[in-house]
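One structure is given below, encoded as structure tokens.
The values are calculated or read from the model by the stated rules, or taken from the named source; none is laboratory data. All values derive from a computational prediction rather than experimental measurement. Every residue, glycine among them, receives a Cβ derived from its backbone with ideal geometry; neighbour counts consider all protein chains shown. Note: areas computed on protein heavy atoms with side chains; ligands, DNA, RNA excluded. Shrake-Rupley method; radii C 1.70, N 1.55, O 1.52, S 1.80 Å.
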Amino acid sequence: MSKRLTYAAVAANGAASKEGSEVNPPSIDKQKLLLSSDSGHFSLIRALHLADLITELNGLCGILSLFSSMRYCLGDPTQHGNLWAALVFLPLGFFFDALDGTVARWRKKSSLMGQELDSLADLISFGVSPAALAFAIGIRSPLDHLALAFFVLCGLTRLARFNVTTQNIPKDSTGKARYFEGTPIPTTLALDAVMGWWISQGWIHEGLPGGVWFAGSALECHPVVVMFFVHGCLMTSRTIQIPKP
């Protein structure tokens, strides 16, 4: 989750109306004009700021990770090239997620559209893609599916709450929120690192740590899926407050 949201919220409240402030209001007004129905051809493309284009690269990394996981499922399970590709795209997405906030502050341009783009891209790269990778390595029972779906929905809910409540979180002198409520969704990279370790050791499919419980029954599941369930709970917690760097 980038730091663009705070600046977009300031712009939405009109708090950055003076020249030289964190957000340049004329740029936001221009974007609204370009997004209107009568603003000509390719108005959506012309409305995107540089930071928005970088956010799109974050989303692209998440999509390519998804495709890599699916390609692995369609191929030889002993060939792990697509699994490694799926893993590599996720920290690359985090790089673009951090870069878009830096660029937005440097250019003093942000927008509510950028805020929404950022959340949607994060959901793909740090919510849906890790769940797809978990499925690819063998966490595939119906009960596993429910736990992975819970994980993704927690990420979705966490991002929506952040967008709604970011204006209410205490700010520092620069207007940046002092802390995150709940663990930020990019912390799912820790789960990706764990899965990368399992792949390197060959601990996938039948070799998943902990094996499978209640095999052949309606309760069949892989105990490692608890990691995703717990992480989902941490993302939606309101009592956990993590200081922003």
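Which members of region 90-114 meet the condition of being under 22 Å from CYS154 (Cα atoms) and either among the hydroxyl-bearing types (Ser, Thr, Tyr) or buried (at least 23 other Cβ atoms within 10 Å of the Cβ) (or both)? Hits for region 90-114 are LEU90, GLY93, ASP97, GLY114. Of all the criteria given as (1) part of a helix (DSSP H, G or I); (2) buried (at least 23 other Cβ atoms within 10 Å of the Cβ), the one not satisfied by ILE139 is (1). Scanning region 67-79 for residues that are touching a residue at least 12 places away in the same chain (Cβ under 8 Å) and either open to solvent by less than 50 Å² (accessible area, probe 1.4 Å) or more than 21 Å from VAL128 (Cβ to Cβ) (or both) returns SER68, SER69, TYR72, PRO77.
Which count do you get for residues in region 142-193 that are at pLDDT 80 or above, of a type in the set (Gly, Ala, Ser), buried (at least 16 other Cβ atoms within 10 Å of the Cβ) and outside any loop (DSSP other than H, G, I, E, B)? Here the count works out to 2. When region 198-245 is filtered for residues that are farther than 29 Å from ALA160 by Cβ, open to solvent by 50 Å² or more (accessible area, probe 1.4 Å) and not small (Gly, Ala, Ser), the ones remaining, listed by number, are GLN201, TRP203, GLU206, VAL212, TRP213, PHE214, LEU219, GLU220. Among the residues making up region 79-117, those that are of a type in the set (A, V, I, L, M, F, W, C) and modelled with pLDDT under 80 are ALA104, TRP106, LEU112, MET113. Taking every residue in region 157-176 that is within 17 Å of LEU234 (Cα to Cα) and pairing it with any residue that is of a type in the set (Val, Ile, Thr) and modelled with pLDDT of 85 or more, at least 6 positions away or on another chain, the pairs with Cβ-Cβ distances below 9 Å are THR157/THR236; ARG158/THR183; ARG158/ILE185; ARG158/THR236; LEU159/ILE185; ARG161/THR236; PHE162/ILE185.
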